[in-house]
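Since every read-out is calculated from the coordinates, none of them should be taken as a lab result. In this text, all values refer to a predicted model and were calculated from it rather than measured experimentally. As a convention, Cβ positions derive from the backbone with ideal geometry for all residues, glycine included, and neighbour counts pool all protein chains shown.
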Amino acid sequence: MQSIAYAQDKCIDSQLLAASIVVMFEHRGLNVDRLLKGTGIFKQDLQLIEHMISPLQLMSLIDNAMALWPGNDLAFLLGQQWLPLQSGALTNGLFCCNSLTQMQRFWHKYHWSSQPWLQGWHWRTKQMQHLLLQLDIGAQRQQRFFTELALSSLVSTYKRLTHRVWQGHFALPYAEPKLLDQYYKYLGHDLSFNQPICVISYNASTRHEPLELANSQGLKLARQQVSQQRQAAKHQIGLPAYIRLLLTRPKTRCYTLPQVAERLGLSSATLKRRLKAYDISFQQLQDEANMQHAIFLLAVSGESNLTIAKQLHFADSNNFRRSFKRWTGQLPSQFKYWLSHAN
């Protein structure tokens, strides 16, 4: 079983995000002491090699940063700096990839060493590629912050590696902000809000466009180095992501909270508490997993409501329709062509 990170575990390299937030506050002349207050993070520790912080500390830091930052562009600015601040092996690997597809696979396999707050899935429709993102070790209340951070880092990295402007659609799982200037500036105009899940969609032809710095030997070396780092890491996945994986796999899709708790060697009450620390519940994770599978069967496989109801173990299609509307606010029929809007 993968080594699972709980909210109190020191599993996040402080250089990945915490140090960058402090540097940005210093650059703006903002009060760093107020930023770090109550986080258990000390400025001098951020200079240490392999200094680790816990998800709880990161959540507290981000709460402080969002309250103190004078504007709504913090996550976007941090995303712009993501690639230059990564470890040498990860950066080298991305630069050596021969296409967007190879970049995506490389990031997906080793993302824990760079963006451990994310969990991703890859879907493919006839003419489009889709990358789905969920939160792993980030608080659900900070979903918008982590989404902006992730998408800004994607657009910036793509531009750095290809010297081309990003062409793709972003489905965002929260209400449309009052001000969209930062979204247009950093992500472009092809956006849709109030979506059930974060999805990055782009034309399939884009994934094969050659990258000028492609180097197969360099990529091989980078893979070896990052793989060694991954194997040496004490943690490789967060608790929310681990449970989502269980609930999306055919053999364990129907697991109940007591069954998951038993698998983890915990009591049901302890598992509930450990999920609460991530600002999420088992029921939410179960609903997310069912919703994601249902949308895949609707929008990618083109299955009927009855077929989906059977796969998700609903008594009948009417029960499935009611649950789907509770998950998404819409009926299943409205998602048949959901992923084709970006075409």
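Report the charge-dipole magnitude of the chain in Debye, nearest 20, computed about the Cα centre from +1 at each Lys and Arg Cβ and -1 at each Asp and Glu Cβ.
Working: 36 positive and 21 negative charges, 166 e Å.
In debye, rounded to 20, the chain gives about 800.
Helices in the chain, meaning DSSP H runs of at least 4 residues, each add -39500 (n - 2.57). Divided by all residues, the mean residue ellipticity at 222 nm is -14000 deg cm²/dmol. As a ratio to 2.2 N^0.38 Å, the alpha-carbon radius of gyration for region 238-290 is 1.00. Shape analysis of region 238-340 yields a ratio of the Cα radius of gyration to the Kirkwood radius, Rg/Rh, of 1.01.
Can you tell me the order of 328-340, 174-186, 124-136 when each peptide is scored by its average per-residue count of other Cβ atoms within 10 angstrom, highest first?
Highest to lowest by the protection proxy: 124-136, 328-340, 174-186.
Loop sites here are GluC sites (Glu not before Pro) outside DSSP states H, G, I, E and B with no more than 15 other Cβ atoms within 10 Å. The longest part of the chain free of them is 51-211. Cα-Cα pairs above 14 Å in region 118-201: how many percent? For region 118-201, the share of Cα pairs beyond 14 Å comes to 65 percent. For region 198-252 versus region 15-61, the inter-centroid distance based on Cα atoms is 27 Å. Summary value for region 227-343: 18 percent relative contact order, contacts being C-alpha pairs under 8 angstrom separated by 6+ residues. Look at the alpha carbon pairs under 8 Å that are at least 6 residues apart: their mean separation over the length of the chain gives a relative contact order of 20 percent.
Potential lengthening of the chain between T307 and S227 amounts to 24.8 nm, from the contour at 0.36 nm per residue minus the alpha-carbon distance. Rounded to the nearest 20, the size of the Cβ-charge dipole of region 238-340 about its Cα centre is 160 debye, with Lys and Arg at +1 and Asp and Glu at -1. Straight Cα distances below 25 angstrom link K251 to the lysines K109, K272, K310, with same-chain residues fewer than 8 positions distant left out.
Counted over region 57-140 with a bin width of 10 Å, the fraction of Cα pairs per bin, in whole percents, is 14, 39, 33, 13, 1. Describe numerically, in nm with one decimal, the distance between label points set 7 Å from Cα along Cα→Cβ at R105 and at K37. If labels sit at R105 and K37, their model points lie 5.0 nm apart. Rg then Dmax, both in Å and based on the Cα atoms of the chain: 20.2, 60.
Sorted by average packing, counted as other Cβ atoms within 10 angstrom per residue and highest first, what order do 267-275, 41-49, 106-114 take?
106-114, 267-275, 41-49
Taken over region 172-303, the percentage of Cα pairs per 5 Å bin, counting from 0 up to the bin with the maximum distance, is 2, 7, 11, 13, 12, 14, 17, 13, 7, 2, 0. A simple spin-label model places pseudo-atoms 7 Å from Cα toward Cβ; at L179 and T256 they are separated by 5.0 nm. For K37, the aspartates and glutamates whose Cα comes closer than 16 Å to its Cα, not counting residues fewer than 8 places off in the same chain, are E26, D45, D63.
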